[in-house]
Amino acid sequence: MTDMARTARLLLAGDKGLLAMDESTGTCDKRFARAGILQTEEARRRYRELILTTPGLAECISGVILYDETIRQAQADGTPFLKIIEAAGILPGIKVDTGAKDLAGHAGEKITEGLDGLRERLHDYFAKGARFAKWRAVIALGDGLPTHACIDANAHALARYAALCQEAGLVAIVEPEVLMDGDHTLARCQQATERALRAVFEQLSAQNVALDGVILKPNMILPGLASPAQPTADEVADATVETLRRAVPVETAGIAFLSGGQSGERASARLNAMNAKFKAPSAAAPWPLGFSFARAIQQPALEIWAGKDSNRAEAQRALLHRAQCNSAARRGAYAPSMEVSGS
Ligand code: 5MM
């Protein structure tokens, strides 16, 4: 087994999962503004320090996805964040795309950029200590969307990124996100997700990417946020696992879902339903079914912190609580009552 395959296994081992804290400056600042927090580099540093020094985090979190600014930062006493992560026994990862930009000739669709100079950046991140990377493609649903052009261009970019990651010794997290924006049905999300996943795995194969060094970070199969339909957790679990089974080769190291704007409670309940029902990895779901959430872990903590040191400990408890709920969901042991007791 290669080092990359070992790392991918470690990231998805047991009931731990990934914490995505790779919001780019623009996204982080928007979230800070909504929570009434000053949008400065120092505020972002203090927030990331709060996350990384949360007591007990490593009991539920196997890896953290950092942003370029964060991987270079340190806690107030000068200890580099990378040292804190390493001391906790957590693996550091890095978001390496440079963002989704308008796809020329295709109104309403995006292409993710960042391939230029990527080889050099990946080698630099590996030397710093990163052991995995992440690239996110976004796919919008709408009238006539997604187009083949959008799906194909993004699948090609994801595969070229993944091949470069593996050349540099990094596990590639491959994230083709079908967005929840809109009033589309669950069936439309399922259809678009299957198309996108098939295209991604075709391109990964064309670029000779070793699937045991790839973690897929997909959306769950859900209706749009503006849809009145509200499926049960079991319905989401069935549709999601069925879609993955149709499109994801069994050799893939594992699945780590994004939350995509679901509430923390819903994301935990839906992940729990998948693991309870399909007991992954199993014949029905032959890969570990894990998580790589950002908002569904961070949101309550960010709101409690609100930029104030006096709220730090309470915010850390809220962060740990969401991580524990998702860890329980990996065992199929999450229950809504955990939200009440906070245990
Ligand atoms: C979909 O976003 C990823 C998962 O986050 P959620 O669980 O909140 O959906 C996340 O890793 C995302 O890629 C980062 O937050 C970075 O986003 P930007 O847009 O700043 O690159």
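General observations
- Any hit, region 131-148, residues being part of a loop (DSSP other than H, G, I, E, B) and closer than 23 Å to residue 211 by Cα: yes
- Flag for residue 115 being farther than 22 Å from residue 258 by Cα, away from the ligand (no atom under 14 Å from the Cβ), touching a helix residue (DSSP H, G or I) at 6+ places or on another chain (Cβ under 9 Å) and not in a helix (DSSP H, G or I): yes
- In region 290-301, the residues that are among the charged types (D, E, K, R) form Cβ pairs under 8 Å with partners that are more than 6 Å from the ligand (Cβ to nearest atom), at six or more places apart or across chains, as follows: 295/261; 295/264.
- Scanning region 68-81 for residues that are closer than 20 Å to residue 171 by Cα and open to solvent by less than 30 Å² (accessible area, probe 1.4 Å) returns 70, 71.
- Within region 13-53, considering residues that are under 30 Å from residue 286 (Cβ atoms) and touching a Lys or Arg at 6+ places or on another chain (Cβ under 6 Å), the one least open to solvent (accessible area, probe 1.4 Å): 22
- Residues that are over 16 Å from residue 177 (Cα atoms) and either without any contact (Cβ under 8 Å) to a residue 40 or more places away in the chain or surrounded by fewer than 13 Cβ atoms within 10 Å (Cβ to Cβ) (or both), drawn from region 105-118: 105, 107, 116, 117
- Considering residues of region 207-222 that are more than 16 Å from the ligand (Cβ to nearest atom) and open to solvent by less than 70 Å² (accessible area, probe 1.4 Å) only, the residue nearest to residue 182 (Cα to Cα): 214
- Look at region 4-28: where a residue is over 19 Å from residue 267 (Cβ atoms) and a partner is of a type in the set (Lys, Arg) and within 9 Å of the ligand (Cβ to nearest atom), sitting 6+ places away or on another chain with Cβ atoms under 9 Å, you get 24/95.
- Looking only at region 189-205, and only at residues there that are open to solvent by less than 70 Å² (accessible area, probe 1.4 Å) and among the small types (Gly, Ala, Ser), the one that is farthest from residue 152 (Cα to Cα): 192
- Scanning region 205-252 for residues that are in a loop (DSSP other than H, G, I, E, B), among the hydrophobic types (A, V, I, L, M, F, W, C) and modelled with pLDDT of 95 or more gives 209, 210, 220, 221, 222, 225, 226, 248, 250.
- Search result, residues across region 296-343 that are out of contact with any helix residue (DSSP H, G or I) (no Cβ under 7 Å at 6 or more places or on another chain) and under 17 Å from residue 58 (Cα atoms): 313, 317, 321, 324, 327, 343
- Residues in region 178-186 include at least one that is open to solvent by less than 10 Å² (accessible area, probe 1.4 Å), under 24 Å from residue 238 (Cα atoms) and part of a strand (DSSP E or B).
- Scanning region 12-49 for residues that are within 20 Å of the chain's Cα centre (by Cα), away from the ligand (no atom under 16 Å from the Cβ) and outside any loop (DSSP other than H, G, I, E, B) returns a single hit, 49.
- Residue selected from region 295-310 under the condition open to solvent by 20 Å² or more (accessible area, probe 1.4 Å) and within 16 Å of the ligand (Cβ to nearest atom), by the criterion farthest from residue 266 (Cα to Cα): 303
- Residues of region 56-84 classified as farther than 21 Å from residue 217 by Cα, touching a Lys or Arg at 6+ places or on another chain (Cβ under 9 Å), without any contact (Cβ under 8 Å) to a residue 40 or more places away in the chain and not basic (Lys, Arg), total: 6
- Comparison of 280, 313, 284 shows that the only residue that is surrounded by fewer than 16 Cβ atoms within 10 Å (Cβ to Cβ) and not in a helix (DSSP H, G or I) is 284.
- Restricting region 90-104 to residues that are near the ligand (Cβ under 10 Å from one of its atoms) and in a loop (DSSP other than H, G, I, E, B), the residue that is surrounded by the fewest Cβ atoms within 10 Å (Cβ to Cβ): 99
The values are calculated or read from the model by the stated rules, or taken from the named source; none is laboratory data. As the structure is a computational prediction, the values presented were derived from the model and not from experiment. Positions of Cβ are backbone-derived with ideal geometry, glycine not excepted, and every protein chain shown enters the neighbour counts. The protein model used for the area step is the full one, side chains on, heavy atoms only, and it has no ligands, DNA or RNA in it. Shrake-Rupley method; radii C 1.70, N 1.55, O 1.52, S 1.80 Å.
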